[in-house]
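Bear in mind these aren't lab numbers, they're just calculated from the coordinates by the rules spelled out. Keep in mind it's a predicted model, so treat the numbers as computed, not measured. Positions of Cβ are backbone-derived with ideal geometry, glycine not excepted, and every protein chain shown enters the neighbour counts.
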Amino acid sequence: MTDAHAAPRGVGVVVVAAGSGSRLGAGVPKAFVPLAGRPLLAWALEAVVRVEGLGSLVVVAPPALSDPEAAAWAGVALPRGARVVAGGAERSASVAAGLAALDPTCDLILVHDAARCLTPVAVFDRVVEAVRAGHVGVVPGVPVVDTVKAVDDRGLVTSTPDRSSLRAVQTPQGFRRDVLEAAHAGGAGATDDAALVEALGHRVLVVDGDSRAFKVTTVDDLAHAERLVGGPGYT
Ligand code: CTP
Ligand code: MG
C-alpha cells in the first residue's frame, strides 16, 4: 500500500561515515580505512555520484574528521557541491545531522552506509524508482540463507520464523522526505531508518538488494571486499 501523495523529485543523499569501526579495529574510523589503496568512503561515493536525479549530497563524518582537508581524506574526491557535517554518537544521530544539512528542495532522501562501499548504483536506482512510484519508504533486501531462531535470555529457542518471509536489509534506504523527518523527530535507537518509519505506521517496501551491498564490519569483510575489487568489474 502507498500513501496518496505526489511522487517526490530531487534526490538528496546522506552518506553516514561517522562510525569508529570498533569491530574492524583498524585504528582509524572505518570510512577512512583503505580498500585497494582508497578509503571505503571513496568507493562508496563512486556509486552515489552516479545516482539518477542526484540533487544534494551530505557526508556525515566523525567530528575530528569533518574537515575534508584532513589528511585522512586523501584519496576521497568530494563531489562538487557536497557538504560534510559532523556525526553523532549513534548512527541515528548521524543520519539526523545529515538530513538537516541537505538542500531543502530535495524531497526524496536516500540514507546510505559508507561501510556498504561496493553497493552497485543499480540498487540506488531501484530504490529511487520505487519511492518515485509512490512508496514512502523503500529498502533493498536479500533472502536470508540461514535458518533464523528467536531465543530467550537463556538461549532457549522461542520460535523459528519462516525463512521464506525474511529479508536481510541493506542500504541505501529511500524515503519521502517529510516521512523520514517525522520518523527521526519521533525517535531514535533503531538499527535502521526504515524501522523508525514503520513505527509511525507506514508500510515499507523491500526491493531487490545485491550481495555486493554487504556491510564491511570485520577484518574478514574487508578481505572479501579486497577480493571483489580485484576481480572483474571493479578495475
Ligand atoms: N555510523 C555513523 N555514526 C555513528 C555510527 C555509525 O555515521 N555514530 C555509520 C558508520 O560510519 C557506517 C554505518 O553507520 O557507515 C553503519 O554502522 P556500523 O557498520 O556499525 O559502523 P561503525 O559504527 O563505525 O562500526 P562498529 O559498530 O564496529 O564500531
Ligand atoms: Mg556501529
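Here are the numbers for this structure:
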| item | result |
| --- | --- |
| Loop sites in segment 22-52: trypsin sites (Lys or Arg not before Pro), DSSP, at most 16 other Cβ within 10 Å | R23, R50 |
| The chain - convex hull of alpha carbons, volume per residue in Å³ | 140 Å³ |
| Qualifying trypsin sites (Lys or Arg not before Pro) in segment 146-235, DSSP loop, other Cβ atoms within 10 Å at most 13 | K149, R154, R203 |
| Segment 214-224 - phi-based ³J(HN,Hα) in whole Hz, Karplus 6.51/-1.76/1.60, Gly and Pro as x | 4, 8, 6, 10, 10, 4, 4, 5, 5, 5, 4 |
| Volume in Å³ per residue [convex hull over Cα atoms, computed for segment 1-132] | 115 Å³ |
| Cβ crowding within 10 Å averaged over residues, with 134-145, 59-70 ranked highest first | 134-145, 59-70 |
